[in-house]
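Asks: Sharing a structure, written as structure tokens. Questions coming.
Read the figures in this text as sums done on the coordinates, not as results from a lab. This is a predicted model, so every value here is computed, not measured. Positions of Cβ are generated from backbone atoms using ideal geometry, with glycine treated the same way; all protein chains shown enter the neighbour counts.
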Amino acid sequence: MPASLCGTWEMLSNINLEGYMIALGIGLSTRKIALRLKQRKVIEQVRDKYVIKTLSTFRNYVFSFRMDEEFDEFTKGLDERHCKSVVTWEGNRMVCIQKGEKKNRGWAHWIEDDKLHLELYCEGQTCKQVFKRVA
Ligand code: ECB
């Protein structure tokens, strides 16, 4: 099992969220708000069940899953699409593939230098986020 991702994490950097949001078809006014947010991640694990909460002053996004099990994801408050999503470990990376209307969509989390890293990708655009641990 790779280093634990569990805990509370505060955003340090957020590169190309704009490109990622455009790829998802998010409108200009929502993008302007979203770009200003300092997101927090809360990652919890109980036995084989994970919960990842993305929190902000504007909207929150919460989803839960079991490893290696495909589930229906509805990206409520984000681009509001339905995906067939599956999360697996690839080495030390927690990798999610989000099959649906948008091609080549997914994300990966990993720990590097005690920081939580996240790449969110969609149709050739990649958003890179780094978080520091706060709890
Ligand atoms: C929930 C905080 C951000 C709210 C932004 C609101 C509107 C923008 C609409 C769509 C933009 C798409 C994504 C914003 C960036 C990150 C949100 C969570 C993305 C995600 O899928 O995180 C994964 C990996 O940690 C867990 O769900």
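Asks: As an exercise: evaluate Met94 against (1) under 27 Å from Glu18 (Cβ atoms); (2) assigned to a loop (DSSP other than H, G, I, E, B) and give the number of the one condition it does not meet.
Replies: The one condition Met94 does not meet is (2).
Asks: Being in contact (Cβ under 8 Å) with a residue 24 or more places away in the chain, β-branched (Val, Ile, Thr) and more than 8 Å from the ligand (Cβ to nearest atom) narrows it down to one of Ile33, Ile22, Ile26, so name that one.
Replies: Residue meeting the stated conditions: Ile22.
Asks: Filter the range 54-83 for residues that are assigned to a strand (DSSP E or B) and hydroxyl-bearing (Ser, Thr, Tyr); which is surrounded by the most Cβ atoms within 10 Å (Cβ to Cβ)?
Replies: Result: Thr54.
Asks: Shifting gears a bit: Residue by residue through the range 38-48, note down the ones that are without any contact (Cβ under 8 Å) to a residue 24 or more places away in the chain and within 10 Å of the ligand (Cβ to nearest atom).
Replies: Residues satisfying the conditions do not exist here.
Asks: Specify which of the listed residues (Val86, Val51) is surrounded by 14 or more Cβ atoms within 10 Å (Cβ to Cβ), farther than 21 Å from Thr8 by Cα and more than 8 Å from the ligand (Cβ to nearest atom).
Replies: Exactly one residue qualifies, and that residue is Val86.
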